[in-house]
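Visitor: Okay, handing you the structure first.
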Amino acid sequence: MSGIAADTIPERRRYRLKNKLLGPPLVTEQLSSERLGRPTALGVLAPDCISSSAYGTEEMLTQMVPTIGLAAFALVVPITLAILGVLFFVTLSYLDVIQYYTKAGGAYVVARDNFGPRVAQIAAVALLIDYTVTVAVQTSAGTAALTSAIPSLANTFDTVVITVAVVLLLLYGNLRGIREAGKFFAFPMYFYVVALGIVIITGYIKEALGTLHHIPLPPQEDIFGGHMGTPGEGLLMGLAFITLLRAFANGGSSLTGLEAISNGVGSFRRPASVHARQTLVVMSSLLAFLVLGTSLMAKWTHAVPYASGSPTVVSQEVQAVFGRGFFFFVVQLATLLILYTGGNTSFNGFPFLANFVAGDHYLPRQLTRRGHRLAFSNGILVLAGVSIVLVLVFKARVDGLVALYAIGVFTGFTMAGAGMVKHHLTQKGSHWRRSVAVNAISSFLSAVVVLIFAVVKFNEGAWVIVVVGPLLYFGLIRLHHQYNEESIALETGAVEASEAPILRRHVVVVLVDRLDMATARALQYARTLTPDDLRAVHFDIDSKEARELEEEWGRVGLARLPLDIIECPDRRLGRAAIELVADATLDGDTECTVLLPRRGYSRIWQRFLHDRTADKIAAVLSQVPHVAATIIPYNLPGRFGEKVRRYGQSVQRARLSDAAAGGNLPPIDTEGRSGVEEGTDRGATRREAQRKANAVSAADDALARRAGVTTRISDVAVRQRVKVAGRVKSVRVQPRAGTSNLECVLSDGTGGLLLVFQGRPKIAGIEPGARLVAEGMVGAWGRRPAMLNPSFELVAGADDSTGD
């Protein structure tokens, strides 16, 4: 019976659906093409920071207007200038961070390298919380901008539904990959900056000309807090010091997102550090212009915050400058787009940061894996899930969520500044004293903001962060401790165990519940193991079934392999299996392999009709020394099996037709799969081949140019001198006859050829993913064609296109 070629097996329906929704998978070498240029990077990473100008001024006024009334407009600009002073020093600090830490990670990496990984988890917890809250705040604020333009949507149900839908849209865009997300999200940032910039500049001109007037005040009950000021005399009468601090803390939310550039520096094209620093300067300058502009406009127009959150202060400013005409709706559209896409910054920063923390074994390792489109899909899914929960709990209200805001990011600023102070005090490079002063000021100011926020906003929700933060920190430490314990347990004695003497006897036990194709496949595999003793065992939990099985066993001619029927009166199959293997290995010189047939079902509803007994028994047997439980799967032939058969026939016909026509298949298969769909004819096969040929990377183009005329590996025969070109698919060092040989498989999409370099355990550049041209005589090596000690030319290394 002949085997089945891998390319004759079609992809599963779930995988094909994923391809349609997210696009075709990207190979790792395409990671460099997913890096961002400066304009796109600004569009992807800046929205969170830039969009905070849409609500930063309003958040300051929510704290002052109910207390001092119109006097708040005299204080909003000085408080804004104080916040911009913090922005100036934090920007200088992060310019320093990016210069010395050219990998992604930001404050976390700085803290880890200078204070150790345990202290760095403080920054990790703070930033992970901040990224999560950012998504909820930005999308909720975007919905507030939408309801300012369409008041009929200003009800709880509609705002929550719209906000959740936007989070799901951000999730989808980022699962498609960072470049796709960049194209999708870059436009709103520029649209918003231009639109609001026009409003601010026009407002400056009107104020200079004396044509910018105050907005009529709404009824007292509509104003945030339910009233306009408190009784008293003088400008500051009724303004408690704590209220001033609250206004400063709320306004500090304007600086959130500033760390996104350093956390995502790995997303920039080379030279990443230079491009990231330039982008950070542009982003901070735009933020300062917009925040100061909206505060000045609020001072001149007396735009007050509303209790319902709609209309927003920015929308009132736009209406005061341009009226409620066409441009009003243009600015509202730009505002809601930038606020919605502002959450996308977290979708870029959170997965990268989670990847770093998980790489240090403080978060689950699943967060380090890139998904279908090279994005950290697990991190993206976690972020979206937690953000949706926050939106639902706080009903998409910005004033409720902002209390959770800013503590995390300013903690990150504090850790980054302190880490850079330690770095410069240790390294003492050029201008180190100036760098120490700048970073120390940044760290101090950020720590003050954290303290103010934690104290004055404690009762408004900051207590959640103050309580949850330490719990998460200790959770990360405990998880790291668990990973260390597992690593020690797995590594202790590993070398000795792998080189321990082989036990004298090998017993193979096949557990049989009924006689069918699954059991027959397990018995067939058992014979290939050539054991000293092969046993078929049935546990008797139903006497009638046991007798029928025994009769059928003899009737079909399996008498040469006795069937052991073992009593299991309490129906505990796991315990009965343990007793069986324990008895088989009692002499201490026997290795026992237990084969468990498992039936596979193609349809989900079929799986609910059967239990997973094989998996449960395998888990139990893993506790017994010198016992290996192996599950032998057998997939029931169904629609998928018929697809495999028809699909394989179509591929074979296409190959024969192509060979008869003398056609050439593409030399390099960068994706490692056929892609010919079920039932396709020769033309479809050739079109798919041409599509792959057009999709090869620059490294493959270089290989084709350097290789010249080569032989397809599928056409290579023994005792033939050939020249082949392809990509190294696998590498191993094979000890043989007192020496070590480097063996690698070269693949060109039509097949694979073994290259053997005798006596050379390592050759620089030959590793999985490398492209090379090899020439030599093909012989036999271990029952397979191989080229021994070929002459070769290395065209491209494995990481030539993967970047940093």
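The values are calculated or read from the model by the stated rules, or taken from the named source; none is laboratory data. Just so it is clear, the structure is predicted and the values come from calculations on it, not from any experiment. Because the Cβ atoms are built from the backbone with ideal geometry, glycine has one as well, and the counts that use them run over all protein chains shown. The area values use the complete protein model at the heavy-atom level, side chains included, leaving out ligands, DNA and RNA. Shrake-Rupley method; radii C 1.70, N 1.55, O 1.52, S 1.80 Å.
Visitor: Using amide H atoms built 1.01 Å from N in the peptide plane, name the residues 5+ places from Phe268, or on other chains, whose amide H lies under 5 Å from its own.
Guide: Leu36
Visitor: First select every other residue whose beta carbon is under 13 angstrom from the beta carbon of Gly379; then total the charges, Lys and Arg +1, Asp and Glu -1.
Guide: +3
Visitor: Starting from the Cα-Cα distance between Glu793 and Val194, subtract it from 0.36 nm times their residue separation and give me the gain in nm to one decimal.
Guide: Working: separation 599, 0.36 × 599 = 215.64 nm, distance 5.34 nm.
Here the answer is 210.3 nm.
Visitor: Here is a further query. Determine the gain in length on full extension of the stretch Thr211-Arg560; use 0.36 nm per residue of separation and subtract their C-alpha separation, reporting nm with one decimal.
Guide: Gain on extension, Thr211 to Arg560, equals 115.2 nm.
Visitor: Follow-up. I need the calculated FRET efficiency for the pair Thr202 and Arg270, taking r as the beta carbon distance and R₀ as 51 Å, to the nearest 0.05. Write down the numbers at each step before the final one.
Guide: Working: r = 40 Å, r/R0 = 0.79.
So the FRET efficiency works out to roughly 0.80.
Visitor: Need the full-extension length gain, Gln366 to Leu451, defined as separation in residues times 0.36 nm minus the C-alpha distance. One decimal, nm.
Guide: 27.2 nm
Visitor: Each residue of region 302-311 in order: what ³J(HN,Hα) in whole Hz does its phi give by Karplus 6.51 cos²θ - 1.76 cosθ + 1.60, θ = phi - 60°, with x for Gly and Pro?
Guide: These are the phi-based 3J(HN,Hα) values: 6, 6, 9, x, 9, 4, 7, x, 9, x Hz.
Visitor: Note the direction-averaged projected area, equal to a quarter of the hull surface, for the Cα convex hull of region 509-603, in nm².
Guide: So the Cα hull casts an average projection of 7.3 nm².
Visitor: Keeping all protein chains in the complex and leaving out DNA, RNA and ligands, what accessible area do you get for Ile441 with a 1.4 Å probe, in Å² to the nearest 10?
Guide: 70 Å²
Visitor: Where q = 0.18 Å⁻¹, what log10 of I(q)/I(0) comes from the Debye formula for region 261-362, counting one point per Cα?
Guide: Per q value, in the given order, log10 I(q)/I(0) is -0.97.
Visitor: OK, next. What ranking of Trp553, Trp432 comes out by heavy-atom accessible area, probe 1.4 Å, highest first?
Guide: Trp432, Trp553
Visitor: To the nearest 0.05, how large is the calculated FRET efficiency for Asp158 and Phe326 if R₀ is 25 Å and r is the Cβ-Cβ distance?
Guide: On the way: r = 24 Å, r/R0 = 0.98.
Step by step, r from the Cβ atoms, then E = 0.55.
Visitor: Using only the alpha carbons, work out the radius of gyration and Dmax of region 310-389 in angstrom.
Guide: 18.8, 56
Visitor: To the nearest 10 square angstrom, what accessible area does Lys422 show with a 1.4 Å probe?
Guide: 80 Å²
Visitor: In the neighborhood of Glu207, defined by Cβ-to-Cβ distances under 13 Å, what is the net charge if each Lys or Arg adds +1 and each Asp or Glu adds -1?
Guide: +1
Visitor: Which whole-number percent of Cα pairs in region 56-208 have a distance greater than 28 Å?
Guide: 43 percent
Visitor: On to the next question. When the Karplus curve 6.51 cos²θ - 1.76 cosθ + 1.60 is applied with θ = phi - 60°, which whole-Hz ³J(HN,Hα) does each residue of region 564-580 get, with x for Gly and Pro?
Guide: Listing the rounded values in order: 8, 9, 10, 5, 9, x, 8, 6, 8, 5, x, 5, 4, 5, 4, 4, 5 Hz.
Visitor: For the pair Asn484 and Trp463, what calculated FRET efficiency results from E = 1/(1 + (r/R0)^6), where r is the Cβ-Cβ distance and R0 = 45 Å, to the nearest 0.05?
Guide: It comes to 0.90.
Visitor: Could you report the accessible area of Lys729 in Å², rounded to 10, computed with a 1.4 Å probe on the protein chains as they sit in the structure?
Guide: Roll a 1.4 Å probe over it and Lys729 shows about 150 Å².
Visitor: Continuing with this model, one more query. In nm, give the distance between the simple-model label positions of Leu381 and Val282, each being 7 Å from the Cα along the Cα-to-Cβ direction.
Guide: Simple spin-label model gives 3.5 nm for this pair.
Visitor: Tally up the carbon and sulfur contribution to the accessible surface of region 285-441 as a whole percent, 1.4 Å probe, everything protein left in place.
Guide: Ligands and nucleic acids excluded, carbon and sulfur give 64 percent.
Visitor: So for the pair Arg571, His626, with labels modelled 7 Å out along Cα→Cβ, what separation do we get in nm?
Guide: The modelled label-to-label distance comes out at 3.5 nm.
Visitor: Could you work out how far apart the two model spin labels at Ala82 and Gln427 are, taking each label as a point 7 Å from the Cα in the direction of the beta carbon, and quote it in nm?
Guide: With each label point 7 Å from Cα toward Cβ, the separation is 3.4 nm.
Visitor: In terms of modelled amide H atoms, which long-range or inter-chain residues lie less than 5 Å from the amide H of Lys723?
Guide: Amide H neighbours of Lys723: Thr711.
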